[in-house]
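The values are calculated or read from the model by the stated rules, or taken from the named source; none is laboratory data. Since we're looking at a predicted model, the values are computed, not measured. Using ideal geometry, Cβ is built from the backbone for each residue, glycine included, and neighbour counts are taken over all protein chains shown.
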Ligand code: BGC
C-alpha cells in the first residue's frame, strides 16, 4: 500500500480502462449493428459508427495513451464479425491483427482482459436468428475454440459475455438494439437468455480445457433498482425485478439453475462456471410506479446531477451496493466498467474520485476487489445513442481524430501512478454543497 495516501489501494491492484470492439474499431461492416445503424430512427440523431475511434487501423496509439495514464491493465473485446465473417470461414488477417494489438498491450505493460461477446453478432449469424438459433451454442463454442487456439497465450483474463441482462432487455424487451430475426418479446428474450447462459458455459469449459489457470468471468451490470417509498406491493414488485435483473444470471452461473418467472430449469454444465465477478456499475433506476410496460423510470430527483442525455444520477453509494452484492459470490471482484457521459468533463473528476472512494472503502471492509477499469479510455460509439454521449478520459474529435486528455484523465493518471489519492484531491473536485 502507498501508506501516505488516505485512499491507498493494494500494490497489485489493476488500474485500467475498458473498451469494446464495435465501439472503437471503426468499419465493422460484417456486424449486425452496421446494418442496424442504417435503419432510419435506430440511432439518435442518425449517427453511425463510421471510422469510430480508428482502432482497427491504430489501436496502438490509444493503448500507448493508456500506458501514459500509468495503467497496468486494459479490457477490450474481440469482434466475432471480423474473426468469422462467414460461417466457418475464419479470417487469419483479422486474427493476426488482434495478435498485434494484444502483443502491443504486453509490450506496454497493459494486462489484457478479453471479452468474447459484447453486444454484436456477425451478419450471417444474425440472419440465422443468432441467440435463438438451434446451433448457437455450437457456433459460440467453435468461435471461442478458435480464439483460444490463436490468441489464448496472450490473454490474461477472459470475459465470456458483456452485460447479458442489459443485452437481453435492450434487444428483446425494449427496441434499442438490433431487431432479432425472430422478433422481440418476453418469450424470445427468455429463450435467448437461457441460450446465452449455455454459450457462456460452453465458452468457460472451452477456455479451461486449454488454459485451466486462466481466470474466466462475465461483466455483469449491477444496477440498484429503487422502489418508491410506501406501498408493500411496490416493494415486492421491485424486489422481483431486481432479482431478475441483478441476480438471475449470477445465481444461474453459480448452481446451474435458471429461475425464470415461468418456472425453474437446470443446465447441467453451467454450475460454477466463473472464477471472478466482473461488475459494471453506472447508476440506479427507479421502479416504474404504477407499473408500466417501460419497467424502469429514469426520472431522477430535481436536484440530482445526472450524466448527459439523462444517463442517470451520479450515485457513488451504488458502487458500494454493487460490491457488497458481488461479494456474496465469494470470488475475486473486478470493476469491469464504471464511468459517465460528460462531454464537458465538469462532473467526471468527482464522479471518478467518489466512486473510487467506495471501491477503497469496500476493500477496507474486506471485499476482495482487485481492479478497476474505467469506461472509457476514449470517446466511442455509444450504441443507440450514437456519439451523443462521451465517456472518454480522452475526448475525441471525430473528424480530425484528434484526442484531448480531459481533466479527469489527468486525475486518473495521477491516481494510477500513486496507487491511490489523498483526501485533499477529493476536496478539490467536489461540487459545492455535496
Ligand atoms: C456497456 C458499454 C457502454 C457503456 C456506457 C455498458 O452498458 O457495456 O458498451 O458503452 O455501458 O453506456
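Would you please name the residue that is nearest to the ligand (Cβ to nearest atom), looking only at residues in the stretch 383-402 that are out of contact with any helix residue (DSSP H, G or I) (no Cβ under 7 Å at 6 or more places or on another chain) and outside any loop (DSSP other than H, G, I, E, B)? Give the steps one after another, and end with the answer.
Of the residues in the stretch 383-402, the ones out of contact with any helix residue (DSSP H, G or I) (no Cβ under 7 Å at 6 or more places or on another chain) are 383, 387, 389-392, 395-402.
Now restrict to residues that are outside any loop (DSSP other than H, G, I, E, B): 383, 395-397, 402.
Numbers: 383: 6, 395: 16, 396: 14, 397: 19, 402: 21 Å.
Among them, the one singled out is 383.
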Residue match in the stretch 259-282 (condition: within 14 Å of the ligand (Cβ to nearest atom) and over 30 Å from residue 202 (Cβ atoms)): no
Neighbours by Cβ (under 7 Å, 6+ apart or cross-chain): first from the stretch 12-34, over 18 Å from residue 95 (Cβ atoms); second within 13 Å of the ligand (Cβ to nearest atom) and assigned to a helix (DSSP H, G or I): 33/22
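In contact (Cβ under 8 Å) with a residue 24 or more places away in the chain, within 16 Å of the ligand (Cβ to nearest atom) and either on the phi < 0 side of the Ramachandran plot or crowded, with 16+ Cβ neighbours inside 10 Å (or both): which single residue out of 207, 173 fits that description? First the steps, then the outcome.
On the way: 207 fails: within 16 Å of the ligand (Cβ to nearest atom).
Just a single option satisfies the conditions, and that option is 173.
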Entirely in the stretch 1-117, the helices (runs of 4 or more DSSP H) that have 2 or more residues that are within 16 Å of the ligand (Cβ to nearest atom): 21-24, 32-36, 55-68, 80-83
Candidate set from the stretch 336-358 (those that are part of a helix (DSSP H, G or I) and within 16 Å of the ligand (Cβ to nearest atom)); member that is farthest from residue 274 (Cα to Cα): 348
Identity of the residue in the stretch 133-157, touching a helix residue (DSSP H, G or I) at 6+ places or on another chain (Cβ under 6 Å) and over 26 Å from residue 16 (Cα atoms), that ends up surrounded by the most Cβ atoms within 10 Å (Cβ to Cβ): 140
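Those residues that are surrounded by fewer than 23 Cβ atoms within 10 Å (Cβ to Cβ) and either within 13 Å of the ligand (Cβ to nearest atom) or not in a loop (DSSP other than H, G, I, E, B) (or both), I need them from the stretch 359-382; list them, please.
Initially, the stretch 359-382 is screened for residues surrounded by fewer than 23 Cβ atoms within 10 Å (Cβ to Cβ), giving 360-368, 370, 382.
Once the filter is applied, which keeps residues that are surrounded by fewer than 23 Cβ atoms within 10 Å (Cβ to Cβ) and either within 13 Å of the ligand (Cβ to nearest atom) or not in a loop (DSSP other than H, G, I, E, B) (or both), the stretch 359-382 yields 360, 361, 362, 363, 364, 370, 382.
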Unmet requirement for residue 190, which otherwise passes all of (1) buried (at least 17 other Cβ atoms within 10 Å of the Cβ); (2) under 17 Å from the mean Cα position of the chain (by Cα): (2)
From the options 394, 373, residue that is under 26 Å from residue 6 (Cα atoms), under 20 Å from the mean Cα position of the chain (by Cα) and at pLDDT 95 or above: 373
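Might you check whether a residue that is within 13 Å of the ligand (Cβ to nearest atom) and crowded, with 16+ Cβ neighbours inside 10 Å occurs anywhere in the stretch 318-335? Reasoning before the result, please.
As a first pass, look at the stretch 318-335 and keep what is within 13 Å of the ligand (Cβ to nearest atom): 335.
With crowded, with 16+ Cβ neighbours inside 10 Å added as a condition, the list becomes 335.
There is at least one residue in the stretch 318-335 that is within 13 Å of the ligand (Cβ to nearest atom) and crowded, with 16+ Cβ neighbours inside 10 Å.
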